[in-house]
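Asks: Have a look at the structure that comes next, please.
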């Protein structure tokens, strides 16, 4: 069995009216965008998981495989709404480990 390399992406989700968005809705929206752009194989290869998300600040951490990193970021950038809330996905930084990512940007998230 081949192991896969993970990448962690710090992102900020800017929303219109600070609507209640949870991590499951974010993951579903990104998966749906990946599916419509690249197909089922890329969705499976991405191994997408929202590690943490703070609805108050809009910051979150996304875990994705290295193979599908660029395609996942492209699909996430095309998301304009989650549910009825208009959003903008803004990736800030990518790292190979969660510890290094949080240390580089010094943002407190409950992971």
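Read the figures in this text as sums done on the coordinates, not as results from a lab. In this text, all values refer to a predicted model and were calculated from it rather than measured experimentally. No Cβ is skipped: glycine too gets one built from the backbone with ideal geometry, and neighbour counts run over all protein chains shown.
Asks: Arrange 46, 81, 65 by Cβ neighbour counts within 10 Å, fewest through most, would you?
Replies: Working: 46 22, 81 12, 65 18.
Final ranking by Cβ density, sparse to dense: 81, 65, 46.
Asks: Same structure again: Just want the ordering: 3, 57, from fewest to most Cβ atoms lying within 10 Å of their own Cβ. Write down the numbers at each step before the final one.
Replies: Numbers: 3 5, 57 12.
The most exposed by this proxy come first: 3, 57.
Asks: Using a ≥ b ≥ c from the Cα gyration tensor of segment 6-105 (square roots of the eigenvalues), is it rounded, prolate or oblate, where a/c under 1.5 gives rounded and otherwise the larger of a/b and b/c decides, a/b for prolate? Provide the component values of the computation, followed by the final result.
Replies: Values: a/c = 1.96, a/b = 1.05, b/c = 1.87.
It is oblate, given that a/c is not under 1.5 and a/b is not larger than b/c.
Asks: What spacing in nm lies between the two simple spin-label points modelled at residue 88 and residue 15, each 7 Å away from Cα in the Cβ direction?
Replies: A separation of 1.7 nm, rounded to one decimal place.
Asks: What nm value, rounded to one decimal, do you get for the distance between residue 41 and residue 80 when each label is placed 7 Å out toward the C-beta?
Replies: Simple spin-label model gives 3.0 nm for this pair.
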